[in-house]
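Reading through the structure tokens given below for one structure.
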Amino acid sequence: MELLVAFRDDPAGYNMARFISKNMDKSNDLFHSENFDLLIIDTPSISADWLEEKFNYDGFIFLSKHASESGKLALTCHSTGNFSTAEFGGNPRQIAIPHPHIQKSYMRNLWNEKDSFSEFQIIIEATHHGPTALSKPSIFIEIGTTQTQWENIDLCNSVAKIVVNTLNQNRKNHPVAICIGGTHYPEKFTNELIHGEFALGTVIPKHALDYLDNELFLHILQRNPEIDAAFVDWNGLGSNKQKIIDLLSENNILMKRL
């Protein structure tokens, strides 16, 4: 069973959680339903590495706001992890276990409703921020990008409905690829996720490749136990192209150039 998690002081996450909880039974701190439970926490979700000290679930889905300097409206979904320092939760050089099949189902369901979100870019993000230490898969589902959207009850309710529908569906398992290269908002990988065969694991953007060494790469592989291939943004590797080729070859990872 999955646990939905929202930080009380995160307006988008809390609004989604409040809508979902209306049709759930509550016991102590938890809301319960047939296919998932819900928890509202009093500390930031990016620092929720402690969850497994109190709760035992198959996976964790964080409902959250999304912010960006550009202010571009976006509905996003991403795995978590730090490729270098831990400025926003989690631990340095630690990658969370992704939740590839939940992510694929959610993004496909969101895309099928894209006409209802015509002002928004529907896109995944590269792996970033915490939590990083959970031993079960986790994913962030986010609404962006300003206070106006975070406090828009109709918008939050609409996204929350898609979350609930995703969790109530019978999910298919897909082959899984980690992703390497490109920008923080990787359109090529998003397109493969929504329209292609593969689900996605950790997404390592171009700006993080300088930190990628054999030790970190082996850690990423350990945190992606279902990996079948690596999607590589061939023109988005910068000066690290040969290093990526070598790491994939040495670890017998099938490379798919995009």
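The values are calculated or read from the model by the stated rules, or taken from the named source; none is laboratory data. Note that this is a predicted model, so its numbers are computed, not measured. Quick reminder, even Gly has a Cβ in these numbers, built from the backbone with ideal geometry, and neighbours come from all protein chains shown.
Just a few scattered comments:
- Condition check for ALA160: touching a strand residue (DSSP E or B) at 6+ places or on another chain (Cβ under 6 Å) and at pLDDT 95 or above: no
- Test result for GLU119, part of a loop (DSSP other than H, G, I, E, B), over 12 Å from the mean Cα position of the chain (by Cα) and either polar (S, T, N, Q) or modelled with pLDDT of 95 or more (or both): yes
- Which numbered condition ILE97 fails, given (1) buried (at least 19 other Cβ atoms within 10 Å of the Cβ); (2) touching an Asp or Glu at 6+ places or on another chain (Cβ under 8 Å): (2)
- Check on ARG18, charged (D, E, K, R), touching a Phe, Trp or Tyr at 6+ places or on another chain (Cβ under 6 Å) and either surrounded by 17 or more Cβ atoms within 10 Å (Cβ to Cβ) or free of Cβ contacts under 8 Å to residues at least 60 places away in the same chain (or both): no
- Being closer than 28 Å to LYS22 by Cα and under 11 Å from the mean Cα position of the chain (by Cα) is a property that GLN147 lacks.
- Some residue of region 99-108 being within 25 Å of LEU155 (Cα to Cα) and either of a type in the set (Gly, Ala, Ser) or part of a strand (DSSP E or B) (or both): yes
- Qualifying residue in region 192-203 (condition: within 24 Å of ASP37 (Cα to Cα) and of a type in the set (Phe, Trp, Tyr)): no
- Residue list for region 1-30, filter: outside any strand (DSSP E or B) and farther than 24 Å from GLN103 by Cβ: ARG8, ASP9, LYS22, ASN28, ASP29
- Check on THR76, surrounded by fewer than 17 Cβ atoms within 10 Å (Cβ to Cβ), β-branched (Val, Ile, Thr) and closer than 20 Å to ALA6 by Cβ: no
- No other residue among GLY196, GLY182, GLY144 is surrounded by 24 or more Cβ atoms within 10 Å (Cβ to Cβ) and either more than 30 Å from GLU53 (Cα to Cα) or not β-branched (Val, Ile, Thr) (or both) apart from GLY182.
- When THR76, THR43 are checked against the criterion of being more than 23 Å from LEU216 (Cβ to Cβ), touching a strand residue (DSSP E or B) at 6+ places or on another chain (Cβ under 8 Å) and assigned to a loop (DSSP other than H, G, I, E, B), a single residue qualifies: THR43.
- When residues in region 137-156 are screened for being closer than 24 Å to HIS101 by Cβ and in a strand (DSSP E or B), 7 of them pass.
- Qualifying residue in region 37-48 (condition: at pLDDT below 95 and more than 18 Å from THR166 (Cβ to Cβ)): no
- Hey, LEU212 surrounded by fewer than 21 Cβ atoms within 10 Å (Cβ to Cβ), in contact with a strand residue (DSSP E or B) (Cβ under 9 Å, 6 or more places away or on another chain) and closer than 23 Å to MET107 by Cβ or not: no
- Residues being touching a residue at least 40 places away in the same chain (Cβ under 8 Å) and of a type in the set (Gly, Ala, Ser) - total across region 21-58: 3
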